[in-house]
Amino acid sequence: MFYFIYKRLIQSVFVMLAVAFLAFSLFRFVGDPITQMTGVETSVVDQERLREELGLNDPFISQFGRFTVDMLQGDFGYSFRTRQPVAEMIASRIPATLELGVVALLISLVVGIPAGVYTALRPRGVITQTILITTLIGISIPTFVIGIMLIFLFGVQLGWLPTFGRGETVNIGFWESSFFSIDGWRALILPAVTLGVYQLTLTMRLVRAQMMDVMRSDYIRFATARGVPMRQLYFRHALANTMVPVITIIGLQFGGVIAFSIVTESVFQWPGMGLLFLESIRFVDIPVMGVYLVVIAFFFVVVNLLVDLLYVAIDPRLRV
Amino acid sequence: MKEFIKRSEGLWLFTRSPAVMIAAVIAILIFIGAAFAPWIASVNPYDLGSFSLMDGLLPPIWQEGGISQFMLGTDDQGRDMISSILYGARLSLLIGLSAMAIATVLGVGLGLAAGFYGGRFDAIIMRIADIQLALPAILTALLIDGIARGILPPEVQQDLRVVVLTLAIALSLWVNFARTARASTFVEMNKEYVQAAIIMGQGPIRIMFIHILPNILGPLLVIMTVDLASAILLEATLSFLGIGLAADSPSLGTLIRIGMQFMLSGEWWILWIPTLFLVALVVSINTLGDFMRDVFNPGLR
Amino acid sequence: MLTVENLTVRFPTRFGDTTAIENININVQAGEIHGLVGESGAGKSTVGAAVIGLLQTPGYIAEGSIMLGDTDLRALGVNQAHALRGKRISMIFQDPQTSLNPLMTVEDQLVETILAHEKMSADEARTRAIDLLEEIGIKNAAERIKSWPHQFSGGMRQRVVIALALCTNPELIIADEPTTALDVAVQSQVLDLIRSLADKRKIGFILITHDIGVIAQIADRVTVMRNGHVVESGETAQVLGRPKHAYTRALMSAVPPMDHKIDRFSVPTTEGIEGTSVSTGDLAEQWLLEEKGLSEGEQKELSIGLSIEALDVRFSGTRKSLWRKPEDFIALDKISFNVKPGSIMGLVGESGSGKSTVAKTITGLITPNSGTMMLGNEVLPAGKSRSRKHPSRRIIQMVFQDPYSSLNSRHKIGSILTEPLWFYGLEKDPAKRQELAASMLALVGMAPDAIDKYPHQFSGGQRQRIAVARALLARPRFLICDEPTSALDVSIQAEILNLLKDLQSKFGLTILFISHNLSVVRQMADDMVVLRNGVIEEAGKTEDLFERPQAEYTKKLLSLTPVMPKDWA
């Protein structure tokens, strides 16, 4: 068991190093950082001095080493566009994106898992067919179109909910939260649903496929043959076994949530990391792009490590 | 005919599911419409001389003010919506299909090799896939796009838009193919026909492509369909974010982005008709993908 | 107790309804073990599934009655039927590896089942579960009950499965191939257990199996099925000892006897198209013999032997701990043996004994840690050091266990068969290759027009013939047969064994025949080696080994294998 976790840790570190390397290469090779940092008025001599000061003439490896060490110490460099420290820019945007992502993920799990279980157990019912058709359309509508439709319906036509921004937020230490005001919640609903719908359809289809697989397994047939009550059969035997593969994939899906949050944030002008990233792409603000990459990879790696731990908790075969 | 259909399980199921048949018809019609757009469309939306501002903002024919020359109305420039959509679908499908093709070749090649050789080679490929997974599709595509902006001189950028976009989408999709191909190859590697080929002394290329590949086509075909849908959606999304294609060569995504400006004014058709068209296309492809999955995996029926 | 009358089960398919079983009549008394025997496709599992009400969808009972005591099982509603399962009828499945829920402890599964049917407290249920496990032969049950299924060995797991089927005191247990996935020693323990449960607890068993030896050993009565119909039914000794029906007689004669050697099996059904195409097989026969322009007799001189010296194969174990290096798993521990030119060598062992590792090492799939192999007078390079063009790749050919996976299902038979011809450069002319392949099909007893078909259009036995043809088209001198008949029905097994014997004597092939089945090896092999956990327990002439086994292990194997009384069939 320790070995399993250890192996996963090593793999995570490897992924993080690779992404850091990618970010560093971006910074180093896409455009010249010096010309980006300085203006037209800086002389060539000054530029050369700055280059020397910043260590840009050092060997590649030692530059990468310094870059990594700086990152580990929380020093992420400065934005080309705003000249602000990137760390601050990103950190101020993290709460918005995380809150959006977590609520969306919760929607997708709370609705997706029961729907998946139901459609697997009653494969031929009218409700199942309706759900299946709905989810098929769900995965076929691009996230931004869902956003537009929701805005059009609930914002423009009905005027029930705000269509952009976070509404009123409450500061808890450095964390700017929408969770503590009605206005904040109202602003959160449409973006969270938009982001959640796609994940929801994926979760539902996955749970359904796994559950149907499990229902055909020998141990379920055997449990049926010994008259284990249906409720226990479904929820104690089948669901637990279904969740083993499902949680791994939900861990992988977290990446999708973050990615689609870029789209959602853009549609709803939600002031999160995704919006910042989009802006930085438009202005070729390489340091912000690079750090965003590293932060996303870090979240992804952490979530998947947690998933691995959960996996060990569910499956006794891994607890050696 | 009837006997012929019964002999193939796939065909037999196909004739018994009206939804799938409708989806197939829609998909085929859109493919044909897109492929022959220059011959079908009444105007060329890229050619500024072929339409006139005078015809701008005409509604579809069933609404008051609509005229039969423009069945689905026109946009603010006076472009025929049908023509725009056909040309847009042409571009969307071109990018989607090429991205899917590149992702297939890259992913299946690497996945087959990883499954065949196993060991260290497999570990390296899978670690690269891990990294790719940590950077999801949209992010990868955006990133490549951003890099292209940084590296390429501005005058080339416009010309290479389509190529960059296609590569970006392809690169974000290959992992699916690689993982599926690898998993299926592992299963096939344990089968005796592959061992027989290895024992004979046949070369790795022959074993991978002549022996294993035909046997793992089923699941790959499903992924190809589903990923074609993803690629089209991804292109639309990137164009919508204003990072994909520019307004003078509109894909379906660009059309929707342009249409957004008219959401609040009365010209609903400029936004919703392309949207409906895109969704119809993707729903059809996904329906076919689901159907194929069911055929190859009877347990899900 | 259980009375099944005129039972007919149908499955709707795209070709209309197909009848899986028809007019089945079976009667099981309390304490009786009723064997249900037949080859694949006979419908024996369908009978069991229909009785317990778990037919695979969309199958349905079209006609007939199933009475358990006074209860009409067909008249029960869904909930009543479910409440009855476990309470009065239970079931044992084939594979203990997959029939237990891997995420629940044995205790949870047992207690849950007991509480589903009896009004008692969880503690009482646990006590009963522990007593039951003790009774069934699990030592230290109070401790072991807290384990998860993966912590039990295969045989112990099947005991747990039986305990689960038994924990609510059902009247009837349907055992569907309960010992097929088990080794001989474990099989005999499980069979003894079933017999004693029937005797002591007066439980009726329906024992579904393809293995006539198992039936002969423990069944009181037997029903022989074929193609969904009952062929013959009655007392075991009467049905198997003095079969009335021709099919039963044919079946019995196809079962390889373990206590004596017979020359040839009298084949009950002719599945191939033997006789029709004898003349067209001549071309292939000539071709195989003409290599050096020799006649049949002289051909034997070309036979090549294989000797193996101190072959040692280790696999590095999977690492489980951060601190300990995994221990190597010793698959073969310095084994040596010698296959004489033109003879058949039998290699016998239970699962995990390393017998397949031997085949994989000889064919170069596995690189041994040490040891030498000699093919004739030449050293056979091991594993990766054997080049792709090494002549031994043609001289050694292999017939695999599973005919469903040994032929590439996406290639036509023609291209499967001509592959060795062009690959080894044996025949340059494509038209000649096709001709030879067709003729070779005739030689192995198949119609030559098979060449244009795909593997899925053939039955298991036919595919195995095709696999043999493919091996022969490489002009091999040494054939490795790895469990070539264990995936086949007995009647088909008899045909394939006959075919292999004929080919061996005609072309002077040397064969390494690997099998877990002692009686098959007795019929086939001149010499044999008994392998266990990578170590050779005993080696020698086959007849000597069977008549005068020396090693304890061999004696045990021989005594535990189910045999039929000598005077039967």
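The values are calculated or read from the model by the stated rules, or taken from the named source; none is laboratory data. Since the model is a prediction, treat every value here as computed from it, not as a measurement. Cβ atoms come from the backbone with ideal geometry, glycine included; neighbour counts cover every protein chain shown. Keep in mind that these areas ignore ligands, DNA and RNA; they rest on the heavy atoms of the full protein, side chains included. Shrake-Rupley method; radii C 1.70, N 1.55, O 1.52, S 1.80 Å.
Taking the Cα centre as origin and putting +1 on Lys and Arg beta-carbons and -1 on Asp and Glu beta-carbons, what dipole magnitude results for chain B, to the nearest 20 debye? Present the calculation step by step, with values, prior to reporting the outcome.
Details: 17 positive and 21 negative charges, 244 e Å.
Using Cβ point charges on Lys, Arg, Asp and Glu, chain B gives about 1180 debye.
Mind jotting down the distance between the C-alpha centroids of the range A:118-185 and the range C:377-447, whole Å?
Value for the Cα centre distance between the two parts: 61 Å.
Describe numerically, in nm with one decimal, the distance between label points set 7 Å from Cα along Cα→Cβ at C:ASP502 and at A:TRP185.
In this crude spin-label approximation the distance works out to 8.3 nm.
Sort A:TRP185, C:TRP148, B:TRP39, A:TRP270 by accessible area with a 1.4 Å probe, largest first.
Details: A:TRP185 110, C:TRP148 60, B:TRP39 190, A:TRP270 0 Å².
Correct descending sequence by accessible area is B:TRP39, A:TRP185, C:TRP148, A:TRP270.
Want the number for C:SER559 to C:SER459: 0.36 nm per residue separation, take away the alpha-carbon distance, what's left? Intermediate values should be presented prior to the final figure.
Numbers: separation 100, 0.36 × 100 = 36.00 nm, distance 3.41 nm.
This chain segment gains 32.6 nm when fully extended.
Using 1/(1 + (r/R0)^6) with R0 = 51 angstrom and r between the beta carbons of A:VAL156 and B:ASN190, what's the FRET efficiency to the nearest 0.05?
Details: r = 58 Å, r/R0 = 1.14.
Efficiency for this residue pair is about 0.30.
Please give the calculated 222 nm ellipticity per residue for chain A, where each DSSP H segment of at least 4 residues contributes -39500 (n - 2.57) and the sum is spread over every residue; nearest 500 deg cm²/dmol? Can you show the working numbers first?
Numbers: 12 runs with 226 residues, N = 320.
Computed ellipticity for chain A at 222 nm equals -24000 deg cm²/dmol.
Obtain the nm distance between the two label points defined at A:ARG66 and C:HIS229 by a simple spin-label model: each point lies 7 Å from its Cα along the Cα-to-C-beta direction.
Taking the two extended label points, one gets 9.0 nm.
How much length would be gained if the chain were fully extended between A:THR42 and A:GLN269, taking 0.36 nm per residue of separation minus their Cα-Cα distance, in nm to one decimal?
Values: separation 227, 0.36 × 227 = 81.72 nm, distance 3.65 nm.
Extending this stretch completely gives an extra 78.1 nm.
Explain nothing, just compute: Karplus ³J(HN,Hα) = 6.51 cos²θ - 1.76 cosθ + 1.60, θ = phi - 60°, for every residue of the range A:59-70 in order, whole Hz, x for Gly and Pro.
Coupling constants for the range A:59-70: x, 3, 4, 5, 4, 5, x, 5, 4, 5, 4, 4 Hz.
What number, in percent, do you get for the relative contact order of chain B if the mean sequence gap of Cα pairs under 8 Å and at least 6 apart is divided by its residue count?
With pairs under 8 Å counted, the relative contact order is 22 percent.
Can you run phi through the Karplus equation (6.51, -1.76, 1.60; θ = phi - 60°) for the range A:119-130 and list ³J(HN,Hα) in whole Hz, with x for Gly and Pro?
5, 6, 7, 10, x, 10, x, 5, 4, 4, 4, 4
List every residue whose amide H lies under 5 Å from the amide H of C:ILE21, counting only residues 5 or more places away in sequence or on a different chain, with H placed 1.01 Å from N in the peptide plane.
C:VAL9
Would you mind working out the accessible area per residue for chain C, using a 1.4 Å probe, and quoting it in Å²? List each step's numbers first, then the result.
Details: 23380 Å² over 569 residues.
Roughly 41 Å² per residue, with all protein chains present.
Any lysines with Cα under 26 Å of the C:LYS44 Cα? List them, leaving off those in the same chain fewer than 8 positions away.
C:LYS87, C:LYS202, C:LYS244
So which lysines pass the test for C:LYS360, namely a Cα distance under 20 Å, with those fewer than 8 places away in the same chain ruled out?
Result set, ordered by chain and number: B:LYS191, C:LYS334, C:LYS340, C:LYS384, C:LYS389.
Given contacts defined as C-alpha pairs under 8 Å and at least six residues apart, what's the relative contact order of the range C:390-471, whole-number percent?
Working: 86 pairs, mean separation 34.4, N = 82.
It rounds to 42 percent for the range C:390-471.
Between B:ASP76 and residues 5 or more places away or on another chain, which pairs have amide H atoms under 5 Å apart, with H built 1.01 Å from N, and which residues are they?
B:LEU57
To the nearest 20 Debye, how big is the dipole of the protein assembly as shown about its Cα centre, given +1 on the beta carbon of each Lys and Arg and -1 on that of each Asp and Glu? Walk me through the numbers before you get to the answer.
Details: 103 positive and 110 negative charges, 277 e Å.
Computed charge dipole of the protein assembly as shown: roughly 1340 debye.
Would you calculate the separation in nanometres between label points at C:GLU290 and C:LYS428, each defined as 7 Å from the Cα along the Cα-to-beta-carbon direction?
Result for the modelled spin labels: 1.5 nm.
Provide the FRET efficiency to the nearest 0.05 for the C:ASN369-C:ILE262 pair, computing r from the beta carbons and using R0 = 45 Å.
Working: r = 41 Å, r/R0 = 0.91.
So the FRET efficiency works out to roughly 0.65.
Suppose every Lys and Arg Cβ carries +1 and every Asp and Glu Cβ carries -1, with no other charges. What dipole size does the range A:87-318 come out with about its Cα centre, to the nearest 20 debye?
Details: 14 positive and 12 negative charges, 251 e Å.
Its charge dipole is roughly 1200 debye.
Give the ranking of B:ILE205, C:ILE24 by solvent-accessible surface, highest area first, calculated with a 1.4 Å probe.
Working: B:ILE205 110, C:ILE24 0 Å².
So, going from the largest accessible area down, we get B:ILE205, C:ILE24.
Could you pull the accessible area for C:ASP449 with a 1.4 Å probe, rounded to 10 Å²?
Here the accessible area works out near 100 Å².
Subtract the Cα-Cα distance of C:ASN169 and C:THR105 from 0.36 nm times their separation in residues, and report this length gain in nm to one decimal.
Working: separation 64, 0.36 × 64 = 23.04 nm, distance 2.11 nm.
Gain on extension, C:ASN169 to C:THR105, equals 20.9 nm.
First measure r as the distance between the Cβ atoms of A:GLN73 and A:ARG319, then evaluate 1/(1 + (r/R0)^6) with R0 = 30 Å and state the FRET efficiency to the nearest 0.05. Write down the numbers at each step before the final one.
Numbers: r = 37 Å, r/R0 = 1.23.
Calculated transfer efficiency: 0.25.
Within straight cross-link reach of C:LYS139, meaning Cα distance under 21 Å, which lysines are found once same-chain residues fewer than 8 apart are removed?
C:LYS200
At a 10 angstrom cut-off on C-beta neighbours, averaged per residue, how do the peptides A:279-292, C:191-204 rank from highest to lowest? Intermediate values should be presented prior to the final figure.
Working: A:279-292: 22.4, C:191-204: 17.2.
Top of the packing list down: A:279-292, C:191-204.
Give me the orientation-averaged projected area of the Cα convex hull of chain B, in nm², one decimal. Each step should come with its number before you reach the end.
Working: hull surface 82.2 nm².
Its average projected convex-hull area is 20.5 nm².
Net charge within 13 Å of A:VAL170 by Cβ-Cβ distance, Lys/Arg positive one each and Asp/Glu negative one each, not counting A:VAL170 itself?
Numbers: positive: A:ARG166; negative: A:GLU99, A:GLU168, A:GLU176, A:ASP183.
It works out to a net charge of -3.
Which stretch or stretches of the range A:223-260 have amide N atoms under 12 Å from the point lying 7 Å from C:LEU76's Cα along the Cα→Cβ direction?
Within reach of a label on C:LEU76, which here means backbone N under 12 Å from a point 7 Å along Cα→Cβ, the range A:223-260 contributes A:225-228.
For peptide C:398-408, what's the mean number of Cβ atoms from other chains within 10 Å of each residue's Cβ? It would help to have the intermediate numbers written out before the result.
Values: counts 5, 2, 6, 1, 3, 1, 3, 8, 6, 4, 12.
Average per residue, whole number: 5.
Under the definition of partner shielding as Cβ atoms of other protein chains within 10 Å of a residue Cβ, what is the mean value for peptide B:185-194? Please report the intermediate quantities before stating the final value.
Working: counts 0, 0, 0, 2, 0, 1, 8, 13, 14, 3.
What the average comes to for B:185-194 is 4.
Any idea which of A:VAL303, A:SER108, A:PRO271 is furthest toward the positive side of the dipole for the range A:87-318, if Lys and Arg beta-carbons carry +1 and Asp and Glu beta-carbons -1?
A:SER108
Which Cα, out of C:MET91, A:LEU195, A:VAL30, lies furthest along the positive dipole direction of the protein assembly as shown (beta carbon charges, K/R +1, D/E -1)?
C:MET91
For chain C, max minus min Cα coordinate along each principal axis, in Å, sorted largest first?
81, 62, 46
Per-residue mean of other chain beta-carbon atoms within 10 angstrom of the beta-carbon, peptide A:254-267?
On the way: counts 2, 8, 5, 1, 5, 10, 5, 1, 6, 5, 0, 0, 5, 3.
That works out to 4 on average.
May I ask which residue of A:LEU98, C:GLN189, B:GLY259 lies farthest towards the positive end of the charge dipole of the protein assembly as shown, with charges of +1 (Lys, Arg) and -1 (Asp, Glu) on Cβ and the Cα centre as origin?
Of A:LEU98, C:GLN189, B:GLY259, it is C:GLN189.
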